1. Restricting attention to the stretch 265-275, which residues are among the hydroxyl-bearing types (Ser, Thr, Tyr) and either part of a loop (DSSP other than H, G, I, E, B) or on the phi > 0 side of the Ramachandran plot (or both)?
2. Might you let me know whether the stretch 331-344 holds any residue that is in contact with a Ser or Thr (Cβ under 8 Å, 6 or more places away or on another chain), part of a loop (DSSP other than H, G, I, E, B) and within 21 Å of Glu259 (Cβ to Cβ)?
3. Restricting to the stretch 156-179, count the residues that are in contact (Cβ under 8 Å) with a residue 60 or more places away in the chain and of a type in the set (Asp, Glu).
4. Considering the stretch 196-212 alone, what residues qualify as being in contact (Cβ under 8 Å) with a residue 12 or more places away in the chain and either within 18 Å of Ile156 (Cβ to Cβ) or of a type in the set (S, T, N, Q) (or both)?
5. Here are the criteria: (1) closer than 23 Å to Ile129 by Cβ; (2) assigned to a loop (DSSP other than H, G, I, E, B). Tell me which single one Leu175 does not satisfy.
6. Anything in the stretch 276-318 that is polar (S, T, N, Q) and part of a loop (DSSP other than H, G, I, E, B)? List them, or say none.
Amino acid sequence: MNQEHLDQAQAYIRNNVAGILEKLTVDLLEEKPEKTVEFMIDWLEKHGDDAYKEALRRIKHRPMGVETSESEDEDDEDEEEFHRIIEAKRATIKNQRKSISAEAYGHYNPKGDFQPKVVEKDSHTKQKIHGLLSNSFLFRHLEEKEMNIIVNAMEIRHYEPGATVIKQGDDGYELYIVGSGQLRCTKLFPEKNEDTFLKNYEAGEYFGELALLYNVPRAATITAITPATLYSLDRECFNHIVKDSAIRNRNIYEQFLSEVDILNSLDNYERSKLCDCLKIQIFEQGQRVIREGEKGSSFYLIIDGEATALKVNPATEKEEPVMEYRPRMYFGELALLKDEPRAASIIANVL
């Protein structure tokens with residue numbers, strides 16, 4: 001394919017496909033249907049026309065220098081072409097299963113050469129950011145070279161009390177890591193007139209990544225409570241260095257959490273944020289995870305391996321096994337729910 005044809009293909013995707021896929025992707029991520037193809041076909045039948053017209057409207061109102069449709073006649077031709085494509089696809093994908101991503105790159109939508117920016121910082125600030133990243137779910141899997149790129153690319157932002165950092169519904173172009181201060185997270189739910197408080201963010205926590213991971217609007221509003229220093233990472237650097245592996249890891253853990261009974265009442269947003277709190281710990285064969293009688297401050301979900309619960313028998317004063325734990329089972333929650341000492345000891349068994 002020569003450059004002219006490639007440019008035409010890319011323009012067609014931008015003008016006629018991208019807007020529809022964006023809205024479809026948002027609904028896919030919210031619903032996570034088991035029958036993906038059937039869901040997509042049904043969605044296109046119900047919402048395809050509106051999504052296409054909205055995409056055309058956005059194209060027409062783009063700033064100067066961005067491609068727009070030249071005439072209403074061209075819009076009509078494009079709409080007819082859209083319906084022709086959908087009908088053809090219905091006939092061919094009925095028994096097939098395909099995948100979709102929030103932001104796909106390939107022959108028609110190539111990643112350009114990436115030149116990460118470098119924001120000047122002193123060595124103390126770099127070390128602090130590196131430490132924050134190393135302890136976070138989103139970044140701790142990065143290699144040292146990638147970590148240094150992220151550290152160098154981060155900008156320093158300062159906010160006064162009451163300042164809004166991100167606003168629910170806005171487009172998102174950055175994620176933030178809290179260097180210092182405290183921030184309040186609120187969300188306006190459907191059929192409610194007032195924002196609902198979700199949590200406070202403190203040093204070491206991050207937010208704003210969902211808009212970058214899934215190319216969706218901001219899911220909540222974040223406001224500074226105290227003077228706050230944040231470190232921000234732009235979308236381009238995030239996409240090239242972090243995004244692919246972050247989505248893969250997050251999907252694995254979200255799926256895992258969705259299968260844990262005690263957490264099945266959480267919605268997708270709550271489950272996603274719970275991923276941020278997970279810390280992976282590896283225990284050797286026979287290692288004691290928790291000890292009977294101690295105060296508990298964490299509960300545990302088993303990803304791999306098995307564990308045995310041991311409880312002291314008053315008659316013999318010896319530990320005896322009382323329960324076996326397998327992957328996707330959990331323990332330690334009673335000490336948190338009831339604020340009581342650990343009821344048993346847990347010993348790791350490695351498969």
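Each reported figure results from applying straightforward, stated rules to the coordinates on display, with no laboratory input. This one's a predicted model, so the numbers in the text were calculated from it and none came from an experiment. Cβ coordinates were reconstructed from backbone atoms using ideal geometry, including for glycine residues, and neighbour counts include every protein chain displayed.
1. Step one: list which residues in the stretch 265-275 are among the hydroxyl-bearing types (Ser, Thr, Tyr), which gives 265, 269, 272.
Ser265 - this is the single residue of the stretch 265-275 that is among the hydroxyl-bearing types (Ser, Thr, Tyr) and either part of a loop (DSSP other than H, G, I, E, B) or on the phi > 0 side of the Ramachandran plot (or both).
2. yes
3. Of the residues in the stretch 156-179, 2 are in contact (Cβ under 8 Å) with a residue 60 or more places away in the chain and of a type in the set (Asp, Glu).
4. Residues satisfying the conditions are Asn200, Tyr201, Glu202, Ala203, Gly204, Glu205, Tyr206, Phe207, Gly208.
5. Going through (1) closer than 23 Å to Ile129 by Cβ; (2) assigned to a loop (DSSP other than H, G, I, E, B) one by one, Leu175 breaks only (2).
6. Going through the stretch 276-318, the residues polar (S, T, N, Q) turn out to be 281, 285, 287, 297-298, 308, 313, 316.
Once the filter is applied, which keeps residues that are polar (S, T, N, Q) and part of a loop (DSSP other than H, G, I, E, B), the stretch 276-318 yields Gln281, Gln285, Gln287, Ser297, Ser298, Thr316.
Yes/no per residue for (1) more than 30 Å from Arg218 (Cβ to Cβ); (2) touching a residue at least 40 places away in the same chain (Cβ under 8 Å):
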{"site": "Glu254", "(1), (2)": "no, no"}
{"site": "Gln281", "(1), (2)": "yes, no"}
{"site": "Ala307", "(1), (2)": "yes, yes"}
{"site": "Glu319", "(1), (2)": "yes, no"}
{"site": "Met329", "(1), (2)": "yes, no"}
{"site": "Gly332", "(1), (2)": "yes, yes"}
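Residue-wise test of (1) touching a helix residue (DSSP H, G or I) at 6+ places or on another chain (Cβ under 7 Å); (2) over 30 Å from Lys199 (Cα atoms).
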position	(1), (2)
Leu263	yes, no
Tyr300	no, no
Glu319	no, yes
Tyr325	no, yes
